[in-house]
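Heads up: the structure comes next, in structure tokens.
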Amino acid sequence: MKTQVAIIGGGPSGLLLSQLLHTRGIDSVVLERKTKDYVLGRIRAGVLEQGFVELMEEAGCAERMHSEGFTHDGTLISYGDEIFRIDFTQHTGKPVMVYGQTEVTRDLYAARETAGGKIEFNVEDVVILGADSDTPRVSCSVGGDARTLECDFVAGCDGFHGVSRQTIPLDVRKEYEKVYPFGWLGILSETPPVNHELIYANSERGFALCSMRNDKLSRYYIQCSLSDSPEDWTDEAFWEELKRRIPKEHADALIAGPSIEKSIAPLRSFVTEPMRWGRLFLCGDAAHIVPPTGAKGLNTAASDIHYLYNGLKDFYENGDTQGIDGYSEKALKRIWKAERFSWWFSSLMHRYPDQSEFDLKMQIAEIEFLRSNDAAQRAMAENYVGLPY
Ligand code: APR
Ligand code: PHB
């Protein structure tokens, strides 16, 4: 088999890149380890920056997002029973779009299928060969049949546990990591959201987040111990704990219901540098991870795809290599700012096991400063809606 761009990974990064390349007549093949249903079964975050929305529009995949998604002009932040609002639109002129990543992925699959895009599922034993040569290729097996995909470029969109990052030699790549001493226990429930905007809550019992997918489907999280497992938490225990962590007015209004999904996610900050090696380019979770506090996971994948797509477009259309040569440096500049914001917001809103009483005073003082200072709120809003590409 031969293609122009071999894309490893059929998650949102790989699918969005494939669809954008298609709009310019650039051929790609997506190699996905799992089945489509498995990929669509993943429950992920649901806050999209304007930049992501515009990329989906450019890819011709934004119709359902605009009809079924919700724009949010702000968010609530609570600490104890105190609560205040950050107005994104007032500070930045931009809202965010609330639309589940599962739906984004579903829309991208639909677009690829409509366009006759080549996606291979159940792909095993992927090995990237010759990434540092002019003739890269990807070997793999599908249903036990060995395959080799010859290509011009490889896009590693295979997530944190993929093979792409591992292909870059250890003496070339440098990794940066921070593991947080807690996780997020999340549930999905077919109940109306407690509030029409998100509530990020810092309480003496730990962090909580009230989010949603639509007006009948709510998504809630509470900070939990890394030693917890979902089975340790009955629905009733979850709802009672959540109510203890949000302001009373919202706890009293909260409508509980059976969880239709319950899982625990660890929190990590991670970046690998560089994001390019020869003709291999890393995108999204393959190159970087953020704690979900700032909802930056998909939104940092989006700017990677924006830079790589435009670099490949310039290469194929004009023979210009400036975009692909500058990809890693440009992507990392924006990624590190998103890492900083996600780390800052996580530090602001969670209770840490080793937090001293002084640390706690500093944390509350920082929240009070955010509450009272216009410049601080603008900085928060600019980061949350998304810094420029
Ligand atoms: N071969 C082929 N496919 C692979 C391999 C492999 N060796 N390893 C992983 N994959 C596939 C996974 O099955 C998954 O479908 O690559 C895809 C990677 O998708 P994601 O992990 O969703 O990463 P990405 O597309 O970059 O999207 C980032 O996902 O994890 C969230 O918070 C993150 O919202 C962000 C988004
Ligand atoms: C979600 O809706 O799943 C969500 C929203 C905002 C976050 C994290 C997760 O910061």
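List of remarks:
- Lys-Lys pairs in the range 144-282 that are eight or more residues apart or on separate chains and whose Cα atoms lie under 26 Å of each other come to 6.
- At R0 = 45 Å, FRET efficiency that the Cβ-Cβ distance of GLU317 and ILE364 yields, to 0.05: 0.25
- If only the Cβ of Lys and Arg carry +1 and only the Cβ of Asp and Glu carry -1, the dipole of the range 267-317 around its Cα centre is close to 120 debye.
- C-alpha center-to-center spacing [the range 203-230, the range 147-177] in angstrom: 33
- Extreme residue, positive dipole direction of the chain, given options SER346, MET65, ALA301 (C-beta unit charges): ALA301
- Relative to the Cα centre, the charge distribution of the range 7-74, modelled as +1 at Lys and Arg Cβ and -1 at Asp and Glu Cβ, gives a dipole magnitude of about 440 debye.
- Calculated mean residue ellipticity at 222 nm for the chain: -11500 deg cm²/dmol, from DSSP H runs with n ≥ 4 weighted as -39500 (n - 2.57), summed, divided by the residue count and rounded to 500.
- Ordering GLY144, LEU312, GLY206 by the projection of their Cα atoms onto the charge dipole of the chain, which places +1 on the Cβ of Lys and Arg and -1 on the Cβ of Asp and Glu, puts LEU312 at the extreme positive end.
- Note: relative contact order over the range 175-256, using C-alpha pairs below 8 Å and six or more positions apart, is 33 percent.
- If you plug the beta carbon distance of ASP27 and ARG340 into 1/(1 + (r/R0)^6) with R0 = 35 Å, you get a FRET efficiency near 0.40.
- Multiplying the residue separation of ALA376 and GLU124 by 0.36 nm and removing their Cα-Cα distance gives an extension gain of 85.9 nm.
- Note on LYS34: lysines with a C-alpha under 17 Å away, same-chain residues under 8 apart excluded, are LYS118.
- Each Lys and Arg Cβ is given +1 and each Asp and Glu Cβ -1; about its Cα centre, the chain then shows a dipole of about 280 debye.
- In this simple spin-label model, placing a label point 7 Å from the Cα along the Cα-to-Cβ direction at both GLU58 and THR234 gives a separation of 5.1 nm.
- Here's the picture: charge each Lys and Arg Cβ at +1 and each Asp and Glu Cβ at -1 in the chain, and of VAL123, PRO169, LEU48 the one pushed furthest to the positive end of that dipole is PRO169.
- Overall form of the range 1-157 per C-alpha gyration tensor (a/c, 1.5; a/b vs b/c): prolate
- Angle of helix 12-23 to the longest C-alpha principal axis of the chain, folded into 0 to 90 degrees and rounded to 10: 50°.
- Cross-link reach is defined here as a Cα-Cα straight distance under 18 Å, omitting same-chain residues fewer than 8 places apart; for LYS337 the aspartates and glutamates meeting it are GLU49, GLU175, GLU177, GLU273, ASP285, ASP304, GLU329, GLU382.
FYI, it's all coordinate maths here, none of it is from the lab. The shown structure was predicted, so the numbers you read here are calculated from the model rather than taken from an experiment. Cβ sites come from the backbone with ideal geometry, for glycine too, and all protein chains shown count toward neighbours.
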